[in-house]
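Read through the structure below, which is laid out as structure tokens, and then see the notes.
Nothing in this text is a laboratory measurement; each read-out follows from the coordinates by a stated rule. Predicted, not measured: the structure shown is a model, and the values here were computed from it. A quick note on method: Cβ atoms are made from the backbone with ideal geometry, for glycine too, and the neighbour counts reach across all protein chains shown.
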Amino acid sequence: MDDQILAYSTGRADGIAGRRDHLRAGHPGTGADYRMGFLDGRIEVFHMLTAVRRMVDDADEGPHR
């Protein structure tokens, strides 16, 4: 179980950093956990960028009345 959690955490960190480790992703025992963590990390980045875009758009519109 610890190996799967470590693989997921490593995959999530790699997903946030935007770099995929193909060896870990292809590992027969923990590859699926790594890939799920990687995907979750990429989704987190997507949500963060969406929030930044909203803040920038709101700042461009000026104060709301």
Practice item. Starting from residues that are surrounded by 14 or more Cβ atoms within 10 Å (Cβ to Cβ) and of a type in the set (D, E, K, R), keep the ones in the stretch 1-20 and report whichever is farthest from Val45 (Cα to Cα). Key: Arg20
**Study point:** Members of the stretch 21-56 that are farther than 14 Å from Asp3 by Cα and not in a helix (DSSP H, G or I)
**Key:** Asp21, Gly26
Point to revise | Positions within the stretch 1-31 being under 15 Å from the mean Cα position of the chain (by Cα) and of a type in the set (Gly, Ala, Ser), in sequence order | key: Ala7, Ser9, Gly11, Ala13, Gly15, Ala17, Gly18, Ala25
